[in-house]
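The structure appears below as structure tokens.
Readers should treat all values here as calculations from the given coordinates under stated rules, not as data from a laboratory. Computed from a predicted structure; not experimentally measured. Cβ placement follows ideal geometry from the backbone for every residue including glycine, while neighbour counts extend to all protein chains displayed.
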Amino acid sequence: MTTMRKLPIGIQSFENIRNENYLYVDKTALIYQLVTKGKPYFLSRPRRFGKSLLISTLEAYFQGKKELFKGLAIDQLEQDWNVYPVLYFSDLNQLNDISLDYDYATLCGITHAELVDNLTPELGMRGERLGVSLC
């Protein structure tokens, strides 16, 4: 008799789902297409529709965590499993009803303009070290 796997209700971490043997519907072939097409995408879905799990899956993919993808479609598609830097901005959903400048000032202690002025050169330097060109 086959053991039924648990449903990952409320679990948005790809790593947790795979490591704890939750049921996972394999859409990694689509993720591979998304990553290898090389064009921008705007992903808009309703609440509770798997956006966070998708981002978590992309994070694991870009961090080269091949072991998490064993037995999934992308395991056969991807040959290189390169590691890329991942920038993760959490809690952006707090930016709902407050103006952008006010929110940056409140959350970060600086205005949006100051953030851009400080962040752009820093990202440029880090990009150069990694061989990445920032547009």
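Ranked by Cβ crowding within 10 angstrom, fewest neighbours first, how are T3, T111, T120, T28 ordered?
So the ranking, lowest neighbour count to highest, is T3, T120, T111, T28.
Given the options M125, T111, A73, identify the residue whose Cα lies farthest towards the positive end of the charge dipole of the chain (+1 on Cβ of Lys, Arg; -1 on Cβ of Asp, Glu).
A73
With +1 on the Cβ of every Lys and Arg and -1 on the Cβ of every Asp and Glu, and nothing else charged, how large is the dipole of the chain about its Cα centre, in debye rounded to the nearest 20?
Here the size comes out at about 780 debye.
Each residue of the range 64-77 in turn: what ³J(HN,Hα) in whole Hz from Karplus with 6.51, -1.76, 1.60 and θ = phi - 60°, glycine and Pro shown as x?
Calculated HN-Hα couplings, in order: x, 7, 4, 4, 6, 9, 4, x, 9, 4, 5, 4, 8, 7 Hz.
Output the relative contact order of the chain, whole-number percent, from Cα pairs under 8 angstrom with separation of 6+ residues.
Computed over the chain, the figure is 19 percent.
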